[in-house]
Amino acid sequence: MTKQNRIFINEQGIIEILVVGDQTVESVQAMGDTATALARKQTAAGRPALLLDNLLQMGTVPAEARKLVVDLIKSTDYDKLAMLGTDPVLRFGANLMLQATGKGARVKYFEDRDKCVAWLLQ
C-alpha cells in the first residue's frame, strides 16, 4: 500500500478507503485486505459493513490492479459499496467495473460526497 493510502472507519461508521496517488497490484491488494478485515469487524459487532472508496486523489492504476478491484468487489462481504470520484473517465471506468461485479443495487458511483454518504446510510 502506498504510504498515502488510508483505510479507516469514519465518524459516520463507514469504512473509508482513501486512495492517494498511483497504485499497484500490491497496494490495491493491501487496501482490499484491510477493508475486508474492517468489514468483518463491523459485521461481528452487529453494524452494517458500508464501504466508501474515495478516489478523489487517486493517480494511475494499471489494468491488472483494476481487474483486482473487480475481483475484490465480487468477493468481499459488505452491505454497500460506494465509489466517490469526479473524473468523467474514471466514472465511466468505475461504472463498467461495478457492472462487471454483478452486485447491482449494492454498489454505486457518486461525484458528490454528501449524496454518497446519504446513500450508504439509508
Look at the range 1-19 and say how many of its residues are under 21 Å from residue 70 (Cβ atoms) and either surrounded by 17 or more Cβ atoms within 10 Å (Cβ to Cβ) or aliphatic (A, V, I, L, M) (or both). 8
Look at residue 45 and say whether it is farther than 25 Å from residue 99 by Cβ, surrounded by fewer than 16 Cβ atoms within 10 Å (Cβ to Cβ) and without any contact (Cβ under 8 Å) to a residue 12 or more places away in the chain. yes
Run down 46, 13 and say which single residue is closer than 24 Å to residue 115 by Cβ, small (Gly, Ala, Ser) and at pLDDT 95 or above. 13
Output the number of residues of the range 101-118 satisfying the condition of being hydrophobic (A, V, I, L, M, F, W, C) and exposed (fewer than 15 other Cβ atoms within 10 Å of the Cβ). 2
Set 61, 69: member being closer than 20 Å to residue 87 by Cβ, in contact with a helix residue (DSSP H, G or I) (Cβ under 7 Å, 6 or more places away or on another chain) and of a type in the set (A, V, I, L, M, F, W, C): 69
Whichever residue in the range 91-100 is more than 13 Å from the chain's Cα centre (by Cα) and touching a residue at least 24 places away in the same chain (Cβ under 8 Å) and, among such residues, is surrounded by the fewest Cβ atoms within 10 Å (Cβ to Cβ): 100
Considering only residues that are surrounded by fewer than 19 Cβ atoms within 10 Å (Cβ to Cβ) and of a type outside the set (D, E, K, R), which ones fall in the range 74-90? 75, 76, 86, 88, 89, 90
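The values are calculated or read from the model by the stated rules, or taken from the named source; none is laboratory data. What you see is a predicted model; the values in this text were computed from it and never measured. When we count neighbours, we look across all protein chains shown, and the Cβ atoms used for this are built from the backbone with ideal geometry, even at glycine.
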